[in-house]
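One structure is given below, encoded as structure tokens.
The values are calculated or read from the model by the stated rules, or taken from the named source; none is laboratory data. Everything quoted here is computed from the prediction, not taken from an experiment. Heads up, the Cβs are rebuilt from the backbone with ideal geometry, glycines too, and the neighbour counts pull from every protein chain shown. Ligands, DNA and RNA are excluded from the accessible area calculation, which covers all protein heavy atoms including side chains. Shrake-Rupley method; radii C 1.70, N 1.55, O 1.52, S 1.80 Å.
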Amino acid sequence: MLAGRKLAFIMRLLVRAFESSGVMYLYELLWLTFGCKVFDEMLPSGEFLNPKFRKNPSRALIVLQPTSQEDLTYKEISVGVILDMGSWVGKTVHSCVTITLSEFYKVNSHYQTRIVVHYRDTQGETLHALHTTRKDDRRRKEDQLFLEMSNKKGAHLLLIMLMLLCFWVQPKAQDDSAYMEIPVGVLLNMRSLVGKTVHSCITITLSEFYKVNSHYRTRIVVHNRDTQGETLHALHTAFDLLEKTKVQAIIGSDSTAEAKLMAVLGDEARIPILSLSPTPSSHNHPYFLQIAHDETIQFKGIAAMAESFGWKNLIVICEDTDNGRDMAMFMANAFQEKSISVTYRSLISTSASNELVQEELHKLLNMQTKIFVLHTSPSLASYLLQNANYLGMMGEGYKWIISSKTVDFLNIMDGEVMESMQGAVGFRSYIPQSRDLHNFTAKWRKEYDGKDMNAYGIWAHDAVSALAISVERMQADKSKYTKTSGSSQKGTTLLNQMLRISFQGVGGVFQFRNRRVAAHVLEIINVIGKRKHRVGFWTKEASFTKKIGKPNSFSNDVLKAIIWPGGISSHSMRLSSKNLRIAVPVNCRSRRLFQVNNDAENNSTIVSGFCAEVFLTAFAAFQDVTFHFVPIMNNAKDGDRGYNDLIDLVHSGEFDAAIGDISIIANRSQYVDFTLPYTDLGLATLSRNADASMWIFMEPLSSNLWLVSACFFILLALVIWILEHRTNKEFQGSRGQQVGTTIWFAFSTLVYAQRQKLQSNLSRFVVIVWLFVVLVLTSSYTATLSSLLTIEQIQLASKRNSIGYSYAILRGGINNFTPGTRLESYITLEAYADALSRGSKKGGVDAIVDEIPYIKAFLAEYPSGYSMTISETTTNGFGFVFARGSPWAPEISRQIARLREDGTLNKLENKWLNQQSMDSVPTTKILSLKDLRGLFVISGVSMAAAVFLFMLYLVREKVRNYLSAAGCRPEED
């Protein structure tokens, strides 16, 4: 451009020279051509020479040949302009000469001469330029005006100018030939906004880059091709660039489909492919470099935001394309890592009609989930959001999070679309502000009527700058890059240079990591009115923060307040909020459960007890968490704040949480979030141990079992007498002696104290079987009696006429006592002990019904004289209280589950509430004849068998004696 301006000035001098043929203009032209004097002073002609034209003018060979035509009112002076029209300089000079002459003669219309320019293209060949000059001379030789000018000074002037300009062209041509041109292909969809923006940014970038780095010995020559949005056409064009133009690198469009093909093509051709596609590619393509920021990074940020607000379910909306389905899967995986469920994936075609879009939105409208994550192109997002606003889906209760795929182009959307997005939160690529960025965008706006630039233009600028630096470094390394090197070797060398490059671009630090431009910061905006209000940033290293480089690790609000649709304002509650205000009840019913003390030295509040230690143990998994415990008076009887008032304080946002002996109740869960219970569930009955009944020893066996046992003892005595009295002297004597001895023997087997010696083997067999029966019977009796003696000490509350209870049970909404029962309310554990010791006859109660943790705490204070029975599972135990939607509630719940599984919770309970009698006692079963009838059958069968065998023996003996008495001898027979 500068050379063109110089030549234009020369042309003006030339016109004036022909007009006046003055020597003074020749003087100016000589000094201008050689640059031997600084024209800071006024020239003799009385005019100033512009300092911009002090340097050597552009290369051009101008041949002047004045002619004369009497029939015209002015003289035409033919001027030949010989330029290399294939070069940038030639094209610039051609344009400037034409414009200069046109404007000059408009101003100086009174001049009597007119220059007529004859252009000739040298095609970069010196001999061709000389041939063109001679041919023009022969064509106009007949005119003879060149040698027959009446004014000799004008002829001399023209000859001198011709020699000077010829002398001027030669070194310039030599300088230009020193540059090495590096062809680079650019494939863009020139019908899209991204394509147009990237094309213009590349043009501006190269122009400005080589102005600053004019010493570079390489020049990138861009070969632009329009893909027309067709993937196959883009592939065909890329092949053409490789085969004909021999490009050494290709810059691809933002199309994901084209990027996949270009990645394969780059590997085959062994040249770097710089892709503007934000979709991550496989690492199996070494020549594929992603210069656009990876769009999947933001999904982790969106999942982190959903977790910070405590959302459990949401809906994902994507395009019904291969890329859209892949992105929906990426998002689902990111949400799954945060235990967030994607209840529905809505896939909408990019060419869907208005009816189809509204039909899909109606389907979403009828779902319970009102939280949407939108990841579509700007055109589809605009269409969809306008319909959603029309259907009332941008009102109170709805929440919309929009990805950078749309938000990066928010500045081109019209007011109607912006109006439909009120309250939406968007993630967009973050471009740090800098002076270079300001200058570049200012030049871009000046060229393109003040339009805003998108992130793709910034990425293209830095990528082209990196490519220009890389090719220069490649040229400097003579050992790896020579003129005889193959294209594949050049591409590999250029790729290695690109991978090693690192510099501060207009978009921040430009550096490849895993063949992708490193980008870890996303800007979060909230659409309010016509403004895009920044609420913070998300980074992979520090998560959410209000300012880059200053993460709010100890702040309750790591993002500014967000105005959701419907004008609802809220703050995120991140786990990084590590300074928690905890409300604690001062008047707890048991010090073993919870106690609040004041540390006067440090002016702080200290909590202790079972509840406090579980809370602190659960939070031990989180580092650098600090607590500020605030004591709250909770004596409900004195009219102070009760436990429900603690819930209100957390619900109002005055406190982050509340801990203590707080029961989980359904009504309270409507306002706050509870953790999992860390105590036993249900109610228990506490009673004073009663005196045992004088007949309790009869209760282990049922009446029929007692009767059958007694009968079998008598039967045993009878059987033994039958088997032994004939031969055993101990069972002989008078009838009284025989009865007494036999009965004594039978019952003494109960304690194994029988002294009589048995002589019959049948008797011994019967006694052995009977002793086994006695062993089982006595063991069962002993076990059952022990249980009954324990159960006798415990009287169930349902059998009592007077029952005590805690005031907190009824205040919490629990009231399931039997109608007609006299109820007495008590608060402290000391009141429990006093009421039970007095009993219902002396104004006390027979039993106390309360939640199991309180009963266990009572038994730990009063270990003897009382027992507990679990009666009903109608309460939910104790839990820690957090604000609605707080992410701490699920986190601490998981920690409580872990403490329960590894036994830590049981150890803490034994530490604070340890007492043997706390275990519930099951109902004892009374033994009946049915349970032991098998034993008696065995014993009875053995006795019957023994008697039968004894009878057979006795009959045989009688028969033998009878035969002996009758004189029947065997010898006589």
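Using the structure shown, select from Lys370/Lys530; Lys211/Lys451; Lys729/Lys958; Lys540/Lys560; Lys244/Lys443; Lys842/Lys911 the pairs with a Cα to Cα distance greater than 29 angstrom. Before the final figure, lay out each step's value.
Values: Lys370/Lys530 24 Å; Lys211/Lys451 24 Å; Lys729/Lys958 21 Å; Lys540/Lys560 19 Å; Lys244/Lys443 34 Å; Lys842/Lys911 36 Å.
With Cα atoms farther than 29 Å apart: Lys244/Lys443; Lys842/Lys911.
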- [ ] Output ³J(HN,Hα) for the range 524-533: one whole-Hz value per residue in order, computed from phi by the Karplus curve 6.51 cos²θ - 1.76 cosθ + 1.60 with θ = phi - 60°, and x for Gly and Pro.
- [x] 10, 10, 10, 7, 10, x, 9, 9, 10, 7
Task: Within the range 650-686, chymotrypsin sites (Phe, Trp or Tyr not before Pro) in DSSP loop having at most 15 other beta-carbon neighbours inside 10 Å - done: Tyr671
Open item on the list: Rolling a 1.4 Å sphere over the protein heavy atoms, what is the accessible area per residue of the range 198-278, to the nearest Å²?
Closed with: 44
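Leaving ligands and nucleic acids out of the surface, order Lys930, Lys312 by accessible area at 1.4 Å, largest first. Write down the numbers at each step before the final one.
On the way: Lys930 145, Lys312 100 Å².
Descending accessible area places them as Lys930, Lys312.
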Open item on the list: How long are the semi-axes of the equivalent ellipsoid of the range 230-368, taking √(5λ) for every eigenvalue λ of the Cα gyration tensor, in whole Å from largest down?
Closed with: 36, 19, 9
Task: His725 accessible area, assembled protein chains, probe 1.4 Å, Å² - done: 50
TODO: Pop out the carbon and sulfur fraction of the accessible area of the range 269-426 as a percent, whole number, probe 1.4 Å.
DONE: 47
Task: List Phe622, Phe950, ordered by accessible area with a 1.4 Å probe, largest first - done: Phe622, Phe950
TODO: Determine the distance separating the Cα centre of the range 841-869 from the Cα centre of the range 709-762; give it in Å without decimals.
DONE: 54
Open item on the list: Rounded to the nearest percent, how much of the accessible area of the range 833-908 (1.4 Å probe, protein heavy atoms only) is carbon and sulfur?
Closed with: 47
TODO: For Tyr430, list long-range residues whose amide hydrogen, built 1.01 Å from N in the peptide plane, is under 5 Å from its own amide hydrogen.
DONE: Glu523
TODO: Using a 1.4 Å probe and counting only protein heavy atoms, arrange His362, His223 so the residue with the most accessible area comes first.
DONE: His362, His223
Open item on the list: In Å², and per residue, what accessible area does the range 491-541 have when probed at 1.4 Å with the other protein chains present?
Closed with: 45
Open item on the list: With a 1.4 Å probe and all protein chains kept in place, how much accessible area does Thr875 have, in Å² rounded to the nearest 10?
Closed with: 10
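I'd like the trypsin sites (Lys or Arg not before Pro) in the range 216-254 restricted to DSSP loop residues with at most 15 other Cβ atoms within 10 Å, sorted by number. Could the numbers behind the result be given before it?
Details: sites: Arg217, Arg219, Arg225, Lys244, Lys246; in loops: Arg217, Lys246.
In loop regions of the range 216-254 (DSSP not H, G, I, E or B), the sparsely surrounded trypsin sites (Lys or Arg not before Pro) are Arg217, Lys246.
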TODO: Please list, in chain and number order, the residues 5+ apart from Thr685 or on another chain whose amide H is under 5 Å from its amide H, with Hs placed from the backbone.
DONE: Thr869, Ile870, Ser871
Task: In Å², nearest 10: area of Trp888 left accessible to a 1.4 Å probe - done: 10
TODO: Return the long-range amide H neighbours of Val535 (sequence gap of 5 or more, or a different chain), with a cut-off of under 5 Å between placed amide H atoms.
DONE: Ile524, Ile525, Asn526
